[in-house]
Every structure is written in structure tokens, then in C-alpha cells.
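Structure record follows, encoded as C-alpha cells.
The values are calculated or read from the model by the stated rules, or taken from the named source; none is laboratory data. Remember, it's a predicted structure, so these values are computed and weren't measured experimentally. No Cβ is skipped: glycine too gets one built from the backbone with ideal geometry, and neighbour counts run over all protein chains shown.
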Amino acid sequence: MTITARQVAADVLHRSRAHDGFAAELIDSALATANLSPQDRRFVTQLVFGVTRRAGTLDAILKPFIQIPLHSVQDRVWDLLRLGAFQLTFLTHVPKHAAVNETVELAPYVGAMKAKGFVNSIMRRVSELVTEEFTDKPGSAAVAFAWEPLPPTPSPKKGGGAGQKAEDGAPFSVLSPSLLRGGVGEGLSFGRYRRLTRPILPNPVTDPVGYFAAAFSFPPWLANRWLERYGPDECTRLGFWFNAPPPLWIRVNKLHASRESYRIQLAGQTIDAEPGEHPQSLRFPEHHPIRELPGYAEGDFAVQDHSSMLVASALGVQPGMHVLDACAAPGGKTTHLMELMDNRGRITACDIDPNRLGTVTTLCQRLRLKGVETVVLKKDGEFPVGPFDAALVDVPCSNTGVLGRRPEVRWRLKPNEFEHLIGLQTRLLILASERVKAGGAVVYSTCSIEPDENEGVVKAVCRGMRSMSLEVEHRAVPGRPSDGGYWARLRKAK
């Protein structure tokens, strides 16, 4: 039986809802057994990531048309409704009739034959709601769509500036249309909103939290947390950034090739790549299948976001060192450390998950790196004794700096988890600091943009351990030019 891209997407969404794994892993697993064309494989990825990112917006669009109790709608039918609404709202290349009809035909596939009429009715209402018109202004009848490069010579608009009106007609002072600074090669970008035929979202002026949560698809508690900290304009920029497919970055293995020589290799296959701030970094304007890039099997590069590359470099390792990597899986920073040590030295790579720790070994083998010993830790266990010359502590965190790359996190993360995370992060940093010799460095890092997980933890540990002092810290802002995160380098007194 031939399987379609939409059927694969529906199955992956079902598994993701059941917390069987993260979307990226589930997509890889499903595509490994599905006989799909390259175009359909890309479509599956687009559908799954898109529906997961925009679930809050899709539910806001769907709920006004559902006349039965929401809890009585089967989970798999909800997945279909979201799939259809996503195509109608956010995919301009899918004809409306195809989005409606193909979604209806999925009902028997998910075991909901009797729901075909229900799905058809809802899809037709959504198709009538979503217009082909776009605007640069948010409003209760305007859904955040995407950001695009600004036209070269934009003409001034009447009524712009401080007195600008929202789509609702009220004086507009929050979530204003803004110029959004993108990543490398992005320049200035322009936020676009897709118009609806009637207002169904909260008013962005009178209810900015409700509007941001619904129009940009974030849980209300996180929308409120960010609006209080960042203000409306930066939240608008973050919303557009986290709802866009993240850029593909690679780290060129400096033991095998220089960045420029690898760029020449890519150019020979008509693949464009732009250098980033880190001397090993390259960014691809377009996505490419990783395993099909030149030099993959030979270990010429590793996939790693630009902000993550800065972390290992911050430790200042030298050849011959013995380094503790306290939370090593899946191995991006571990292997980077060994490259920076010119493949001469030892790394003790620790993690509590033996399966994920196995990816460290696999990556070392592909990159042809030696000297990495993996150690499975017991939960709440101690690190190896050491002493170590230096330590990297890339702690478990809320992942709020990478919500575009890990879209399900925005729905799985709960506000009451921060207390547990901060306690764990503090404990791990203290343990690693105790294992480092006098004069040694410890780099603490997260992929979070929450100050209490970042500066808060570092300050608390420095207050409690008089032997540790902060040397330097760095905050990576999402979209400028890559993932968000934080690192700090601490030094142990001699």
C-alpha cells in the first residue's frame, strides 16, 4: 500500500502527542521506512514542524467553528484539523481545495471514518476565514505569518510611526510592526500578517498577552513572562524567529580542512554557504540533506548551530589536556573540544542516558577523533574524580533559546519546572567545579534565554564557592544570528 506524505505526518503528530520522542527524531524514524520522493519528504517535515510550532494559532482558528464540546473531539481528529488548518493558513503553495479534500480523506486512515463530515465542515469554514491578503500590522483579524526581506527601497506610508493604527483601529502602541534584524545574510526583515475575514483573535492593544499567545502560538504563561521582560517589539521579533525553520549551520572539522577549502568543495557542487563569526562556522541559505553534503562520511564537518560553537571555544583548551564534559550527549561540543585540542588529549564524556551517549561515540568515529572516553552516570550520581584541567557543563535546561529547532518544547515545558531545573543546574556546576584543578577553567552553558537559569545560577555558585570566580559571560540572542543561549567561564583560584 502506497503511503502519502500527509499520512506520514499524521502518524508522526500522533506519536509526538504521546511523547514518544521529539519531532525531529520521529520524522527521521518515519521517513526511514516510508517510500517517499524527496519533495514529499520535505513536505512531511514542513507539516510536522509547522503544525507543532503553530498549534496554538491553529486551535484559535479552529475552535470558533467547533460546535461540540472540545474534549469530545478525538486526538487523531484534532491532528487532522490542525494539519488542514496549517495548510490553509500558512502554506501558500497548497491549493485550498487540495488542503480541504486531502485532510477529509485522512479521516478513514486514522480510524475516524464517521468524522469525515465533521472534518469537511470545519475545513470549509477555515478556508472561508483565511484570505489571500497580507498586512504589516497585527490585529484580531490578522495572524502572524512570516518575516521576509525588506524591499530595497520601501516607500513611506502615511500615518506611520507613533500614531500608527492597528487593524482593530485602536491607537497602536504594542506589538508594533517592526523591522526585524535577522541572521547572517538576512539584513532587515519585515513581519507579515495574514488577514482573516473576521476577528477571532484577542485584540493586540487591549490584550497583548492573549494576542501574542494566539497569533504567534505560545503558551500564555510564556507569552506573559516574555512580554514583561522584553517588551512587545522584541517579543514580535522572537515570535517570527521561533516560528520560522531554523537555519542550517555546520562546523568544519579543522583537522581535515579549512573553512575556505571546504567552501570551495561546496561551490564545486553549486552549494552556497556563508561564513559566520566563528572561524569554523558555515551557514547554508538553503537546506540540504546532511548526508549528501560532500565529505560527510569522511568527517569533514559536523552539524552544529553557531551559538553552540562558541561554547567549546570559550573553554580555551590546549593539546594534551584532560577535560571533563559533564553532560556530553549528543556530542557536538565534545567533538569540538577534541578538534580544538588537535586530537591530542583526553575527554571524559559523561551522561545519564546510555543510548544518547552512544551518539557521542558514533560522532567521534565519523569525525575520526580519538581520546574520548564515555562514562554512563547514575541519576543524581557523582562525576569521575579527576582532577581535570578544565570542565564543560552544558546543563539540561528549559530550551527556550531553541524553540524553533525543538518546537514541541513550548508546549511540554511548564512554569513549575524552573525550580527543579535551577536546582539541578546549580548542583552540576558545583560538582564540575570541584573536579577541576586549581587554576582550571569551567564553562557553564545552556540553550535557555531565561536569566534565572543563566546568570542566576552562575552568581549563586560563585557566592557559595569562594574558590570560583566569573571571568566572562556571553548571551546569544535568538536570531542574531542563530540559536539563543548562554555561557559563562569561571576560573578556580590557584
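Highlighted here are the helices (runs of 4 or more DSSP H) found entirely within the stretch 257-356 that include at least 2 residues which are among the polar types (S, T, N, Q) and outside the structural domain of Ser448 (by TED's automatic domain parsing): 259-267.
Hey, does the stretch 122-131 have a residue that's modelled with pLDDT of 95 or more and part of a strand (DSSP E or B)? Spell out the reasoning first.
To start, the set of residues in the stretch 122-131 that are modelled with pLDDT of 95 or more comprises 122-131.
Checking the rest, the ones that are also part of a strand (DSSP E or B) come to 130-131.
Yes, because at least one residue in the stretch 122-131 is modelled with pLDDT of 95 or more and part of a strand (DSSP E or B).
Would the stretch 476-492 turn up any residue that is charged (D, E, K, R) and in a loop (DSSP other than H, G, I, E, B)? Lay out the reasoning, then the answer.
Filtering the stretch 476-492 down to residues charged (D, E, K, R) leaves 480, 483, 489, 491-492.
After this cut, where a residue has to be in a loop (DSSP other than H, G, I, E, B) as well, the list is 480, 483.
Yes, the stretch 476-492 contains at least one residue that is charged (D, E, K, R) and in a loop (DSSP other than H, G, I, E, B).
Here Glu419 fits the description: part of a helix (DSSP H, G or I) and modelled with pLDDT of 95 or more.
Condition test on Leu392, is it under 17 Å from Leu315 (Cβ atoms), surrounded by 15 or more Cβ atoms within 10 Å (Cβ to Cβ), touching a residue at least 60 places away in the same chain (Cβ under 8 Å) and of a type outside the set (Gly, Ala, Ser)? Answer is yes for this residue.
Considering (1) more than 27 Å from Lys414 (Cβ to Cβ); (2) in contact with a strand residue (DSSP E or B) (Cβ under 6 Å, 6 or more places away or on another chain); (3) surrounded by 16 or more Cβ atoms within 10 Å (Cβ to Cβ), the lone condition that Asp305 does not fulfil carries the number (1). Of the set (1) assigned to a strand (DSSP E or B); (2) surrounded by fewer than 19 Cβ atoms within 10 Å (Cβ to Cβ), all apply to Lys414 but (1).
Within the stretch 466-475, restricting attention to residues that are assigned to a strand (DSSP E or B) and touching a helix residue (DSSP H, G or I) at 6+ places or on another chain (Cβ under 8 Å), which residue is nearest to Phe284 (Cα to Cα)? Lay out the reasoning, then the answer.
Here is the first cut: in the stretch 466-475, the ones assigned to a strand (DSSP E or B) are 468-475.
Checking which are touching a helix residue (DSSP H, G or I) at 6+ places or on another chain (Cβ under 8 Å) leaves us with 468-470, 472-474.
Numbers: Met468: 39, Ser469: 38, Leu470: 35, Val472: 30, Glu473: 28, His474: 24 Å.
Once the filter is applied, the top-ranked residue is His474.
Candidates in the stretch 43-94 are the residues that are under 20 Å from Ile27 (Cα atoms) and hydroxyl-bearing (Ser, Thr, Tyr); of these, the one that is surrounded by the most Cβ atoms within 10 Å (Cβ to Cβ) is Thr52.
Which of the following residues is of a type outside the set (Phe, Trp, Tyr), touching a helix residue (DSSP H, G or I) at 6+ places or on another chain (Cβ under 7 Å) and buried (at least 16 other Cβ atoms within 10 Å of the Cβ): Leu248, Leu196, Leu266?
On the way: Leu248 fails: touching a helix residue (DSSP H, G or I) at 6+ places or on another chain (Cβ under 7 Å); Leu266 fails: touching a helix residue (DSSP H, G or I) at 6+ places or on another chain (Cβ under 7 Å).
From the options Leu248, Leu196, Leu266, the qualifying one is Leu196.
Annotation note: Cβ proximity below 9 Å between a residue of the stretch 203-229 that is touching a residue at least 24 places away in the same chain (Cβ under 8 Å) and a residue that is part of a helix (DSSP H, G or I) and charged (D, E, K, R) (sequence gap 6+ or interchain) occurs for Ala214/Asp59; Ser217/Arg53; Ser217/Asp59; Ser217/Arg410; Phe218/Arg410; Pro219/Arg410; Leu222/Arg410. Here the condition is being assigned to a helix (DSSP H, G or I), of a type outside the set (S, T, N, Q) and in contact (Cβ under 8 Å) with a residue 40 or more places away in the chain; of Ala60, Ala99, it holds for Ala60 alone. Of the residues making up the stretch 400-411, those that are within 10 Å of the chain's Cα centre (by Cα) and either surrounded by fewer than 24 Cβ atoms within 10 Å (Cβ to Cβ) or among the aromatic types (Phe, Trp, Tyr) (or both) are Gly404, Arg405, Arg406, Glu408, Val409, Arg410.
Of everything in the stretch 357-377 that is on the phi < 0 side of the Ramachandran plot and in a loop (DSSP other than H, G, I, E, B), the residue that is surrounded by the fewest Cβ atoms within 10 Å (Cβ to Cβ) is Lys370. Residues being in a helix (DSSP H, G or I), free of Cβ contacts under 8 Å to residues at least 40 places away in the same chain and touching a helix residue (DSSP H, G or I) at 6+ places or on another chain (Cβ under 7 Å): count how many of those fall in the stretch 11-40. Residues in the stretch 11-40 being in a helix (DSSP H, G or I), free of Cβ contacts under 8 Å to residues at least 40 places away in the same chain and touching a helix residue (DSSP H, G or I) at 6+ places or on another chain (Cβ under 7 Å): 8 in total. Can you confirm whether Leu70 is over 22 Å from the mean Cα position of the chain (by Cα), in the same structural domain as Arg124 (by TED's automatic domain parsing) and either among the basic types (Lys, Arg) or within 16 Å of Met123 (Cβ to Cβ) (or both)? In short, no.
Out of Ser433, Ser448, which single residue is part of a helix (DSSP H, G or I), in contact (Cβ under 8 Å) with a residue 40 or more places away in the chain and buried (at least 18 other Cβ atoms within 10 Å of the Cβ)?
On the way: Ser448 fails: part of a helix (DSSP H, G or I).
Residue meeting the stated conditions: Ser433.
For the stretch 236-243, the criterion of being of a type outside the set (A, V, I, L, M, F, W, C), in contact (Cβ under 8 Å) with a residue 60 or more places away in the chain, in a loop (DSSP other than H, G, I, E, B) and surrounded by fewer than 20 Cβ atoms within 10 Å (Cβ to Cβ) is met by none of the residues.
Taking residues in the stretch 119-133 that are among the charged types (D, E, K, R), and partners anywhere that are modelled with pLDDT of 95 or more, the pairs with Cβ atoms closer than 7 Å and at least 6 places apart or on different chains are Arg124/Val100; Arg125/Phe65; Glu128/Thr197; Glu133/Arg195. Go over the candidates Lys96, Lys63 one by one and state the one that is in contact with a strand residue (DSSP E or B) (Cβ under 9 Å, 6 or more places away or on another chain) and either among the basic types (Lys, Arg) or not assigned by TED's automatic domain parsing to the domain that holds Ser127 (or both). Every option except Lys96 fails the conditions.
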